[in-house]
Amino acid sequence: MPAPWTQEAVTVSVFAQRFSATRRGARLARRLATHRLDLWHLPYGSPASDAVTLVVAELVANSVLHGHVPGRDFELRLTYDRSRGLVRVEVSDTHPGRPEPVASAAQPSTDTDGGRGLLLVEAVADRWGVAGRSGPGKTVWAECAVGAPDAPRPVRP
């Protein structure tokens with residue numbers, strides 16, 4: 001009798017969607033990312049969910065504000081590797097401009113409204129960078145460690 005065939009557990013989950021390159025599209029991307037994290041047992045309001053949501057919010061806001069090309073969308077891709085306890089956030093747009101790595105000495109002035117997004121990403125994410133993509137544009141990515149992947153999910157009242 002042959003040995004029974006066993007199937008390996010799926011340890012990587014992916015969410016990918018395109019959004020309009022508008023403030024409304026950025027808001028929807030952030031909300032859907034938070035919802036997806038909750039479905040992946042990273043509950044809303046947990047430190048892991050808050051960290052990844054902040055990274056998503058900053059990267060999609062940068063894509064909408066600085067990477068907008070008229071008539072083009074941006075794509076959000078979340079990859080959750082349970083075995084490593086890691087969430088990778090990727091935001092792709094068609095603008096050719098690439099964000100520069102943040103220099104710790106290059107802090108924005110205290111009286112300016114912007115310029116802190118990538119500083120927040122650098123502070124919250126374990127690492128981040130920019131990669132090319134097939135077609136025009138770039139992909140800005142960040143990886144966040146989310147702790148023990150098999151931790152029990154808290155019960156909500």
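The values are calculated or read from the model by the stated rules, or taken from the named source; none is laboratory data. Quick caveat, the model's predicted, so the values are computed rather than measured. Using ideal geometry, Cβ is built from the backbone for each residue, glycine included, and neighbour counts are taken over all protein chains shown. Keep in mind that these areas ignore ligands, DNA and RNA; they rest on the heavy atoms of the full protein, side chains included. Shrake-Rupley method; radii C 1.70, N 1.55, O 1.52, S 1.80 Å.
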Heavy-atom accessible area per residue - region 34-92, 1.4 Å, Å²: 43
Multiply the residue gap between residue 16 and residue 31 by 0.36 nm, knock off their C-alpha separation, and tell me the result in nm, one decimal place. 4.1 nm
Label points 7 Å out from Cα along the Cβ direction at residue 133 and residue 84: separation in nm? 2.0
